[in-house]
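Down below is the structure, laid out as structure tokens.
The values are calculated or read from the model by the stated rules, or taken from the named source; none is laboratory data. Remember, predicted model here, so these are calculated numbers, not experimental data. Quick reminder, even Gly has a Cβ in these numbers, built from the backbone with ideal geometry, and neighbours come from all protein chains shown. For the accessible areas, the whole protein counts, side chains as well, though only heavy atoms, and no ligand, DNA or RNA atoms are used. Shrake-Rupley method; radii C 1.70, N 1.55, O 1.52, S 1.80 Å.
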Amino acid sequence: MDVTNWSQLEDYLNKKIASALKNEGAETARDEMQTHIQEDVYDVYTPISYERRMYDDGLIDPRNIEILMHNDNTISLENIAYDGEKNVPLIVETGNGYFRGASDVLTRGRKFTEATKQSLRKSNKLESALAKGLKRQGLDISSI
């Protein structure tokens, strides 16, 4: 591609960044959410009266972690797991909607979405993912 002015260069780079965010950035964010679902939800409580669906349409199933691209430089994650009419992530995160007499571990909520957000903010995982995505497209920024 021949770039003849700053505006064209900006457009070119923005397209590359958007692609890296949509692919490597989204994958990294989804992986981080799955880590927090495992650690902050599954590992702190073992159910007695039901069996978790896990990767079979459960909370941690990557098909239930929806990635939305809001513009060329913003993504969001939303866990869309349902059990019939029950919004599973809402129940898990707020602690509201469990059966009467449920354990405090359940009723105080397990906020895996906020934990994911904080973890990504404190780490350089997204930056590394974007660098990887740019490199995939021929832009090596490792020396910058």
- Task: Take the residues in segment 55-68 that are of a type outside the set (Val, Ile, Thr) and touching a residue at least 12 places away in the same chain (Cβ under 8 Å), then tell me which one is surrounded by the most Cβ atoms within 10 Å (Cβ to Cβ).
- Result: LEU59
- Filtered residue count, segment 1-34, keeping only those that are surrounded by fewer than 19 Cβ atoms within 10 Å (Cβ to Cβ) and either free of Cβ contacts under 8 Å to residues at least 24 places away in the same chain or aliphatic (A, V, I, L, M) (or both): 16
- Note on the structure: Within segment 39-54, of all residues that are among the charged types (D, E, K, R) and either more than 18 Å from the chain's Cα centre (by Cα) or modelled with pLDDT under 95 (or both), the one least open to solvent (accessible area, probe 1.4 Å) is ARG52
- Item | Evaluation of GLY138 against (1) within 26 Å of ARG63 (Cα to Cα); (2) in contact with a helix residue (DSSP H, G or I) (Cβ under 9 Å, 6 or more places away or on another chain); (3) open to solvent by 30 Å² or more (accessible area, probe 1.4 Å) (one fails), failing number | (1)
- Message: Looking only at segment 75-122, how many residues end up being in contact (Cβ under 8 Å) with a residue 40 or more places away in the chain and either in a strand (DSSP E or B) or open to solvent by less than 80 Å² (accessible area, probe 1.4 Å) (or both)?
- Response: 14
- Any chance you could count how many residues in segment 55-79 are at pLDDT below 95 and touching a Phe, Trp or Tyr at 6+ places or on another chain (Cβ under 8 Å)? 0
